[in-house]
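Quick notes on the structure that follows.
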Protein chains: 2
Amino acid sequence: MEDKNYSEKDLSELIKCLKVIGEPKRIMLLDKIISGVQCNCELGSSLQMAANLTSHHLSILKDSGLINSERDPVDGRWIYYSINLEAMQDMKSALNSFFDEKRIHPRRLSCGPQTEEKNILDVLNFK
Amino acid sequence: MEDKNYSEKDLSELIKCLKVIGEPKRIMLLDKIISGVQCNCELGSSLQMAANLTSHHLSILKDSGLINSERDPVDGRWIYYSINLEAMQDMKSALNSFFDEKRIHPRRLSCGPQTEEKNILDVLNFK
DNA sequence: AATATAATTCAATTTATATTGAACTATTAA
DNA sequence: TTAATAGTTCAATATAAATTGAATTATATT
């Protein structure tokens, strides 16, 4: 019988992504960026973190592809960060696939005591 | 104008949750549990980790509410872990709310150079 | 040309937490 | 009643990564 396994590749992609958003300051930064606060200085001050630390976390978010950056066309000293819509949607669908109820499989009976009962249940694939 | 802000409480719940699943071994454990591998020994051996380390990560998953545990009714030495469906669904909806496209707000213009252009754009709430 | 500003980069330090090994608990089997 | 098995707990160590401060880059202003 074929398992509804998440592919190794999908899983390693998901792991990378979750490591990025698993850091509290980064999810807080994403929250601000999504809600329209988008330059380093305001992001940092609104979360009470130093500019260099803000830069550090923003660069990790940027490397992951979750956010974009662009310089102000009028005054190039300012850089604005914004959410990458497509990356965000890809991430959501990866998460929803991973945590899909249909993937939930009853316990495989390779572990546990060897009993008649067990073997019957195994055949029936019963939880 | 009212912001579509994620509440502080929702955000701190989400952060807790993401810290738990942001650790690679734990998402790998969840993957195995979801797909039906559910005792410590098999979970550990399938991911090549020591039993005590498996225990450690399982206890963090358990504390988060994402998984349940129960002893084998026939042989109480065996403990089986399973996904907590409700917790999983709550987490998914928290993630989907956080990453809701409708929350995406264009850049607030409190940062950046002071120009006529800017003020006009600000009033128009234009990206 | 010299100075100021927004942001980044680099090196050093700190902190959190994953990992390891040993001892322990709970349960079952001999 | 002794030994074996599945799993947990504890203390110590190792590792990864967050944080900090100083120096640097890129751009704009005076």
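Remark: mean inter-chain Cβ contacts per residue of B:90-99 equal 4, using a 10 Å Cβ-Cβ cutoff to other protein chain atoms. Each part gets one Cα centre, and for region A:23-80 versus region A:87-109 those centres are 30 Å apart. In a shell of Cβ-Cβ distance under 12 Å around residue A:42, excluding residue A:42 itself, what net charge do Lys and Arg (+1) and Asp and Glu (-1) give? Taking every other residue near residue A:42 into account, the sum is +3. Here's the picture: charge each Lys and Arg Cβ at +1 and each Asp and Glu Cβ at -1 in region B:8-101, and of B:24, B:88, B:54 the one pushed furthest to the positive end of that dipole is B:54. Normalised by residue number, the volume inside the convex hull of the Cα atoms of region A:8-101 is 100 Å³ per residue. Under the convention that each Lys and Arg Cβ holds +1 and each Asp and Glu Cβ holds -1, the size of the dipole of region B:42-87 around its Cα centre is about 120 debye. Listed by Cβ neighbour count within 10 Å, with the fewest neighbours leading, A:81, B:80 appear as B:80, A:81. The residues packed around residue A:25, meaning those with a beta-carbon under 13 Å from its beta-carbon, carry a net charge of +1 if Lys and Arg are +1 and Asp and Glu are -1. Near residue B:88, once Lys and Arg are set to +1 and Asp and Glu to -1 for all other residues with Cβ below 11 Å from its Cβ, the sum equals -2.
The mean number of Cβ atoms from other chains found within 10 Å of a Cβ in peptide B:73-79 is 3, as a whole number. For the rotational copy relationship between A and B, the axis lies nearest to a chain A beta carbon, identified with its distance in whole angstrom as A:22, 1.
Peptides B:42-54, B:12-24 ordered by packing proxy, namely the average of other Cβ atoms within 10 Å per residue, highest first: B:12-24, B:42-54.
Taken together, the values in this text are just the output of simple stated rules run on the coordinates, not laboratory data. Worth saying up front: this structure is predicted, and the values here are computed from it rather than measured. Note: ideal-geometry Cβ built from the backbone for every residue, glycine included; neighbour counts use all protein chains shown.
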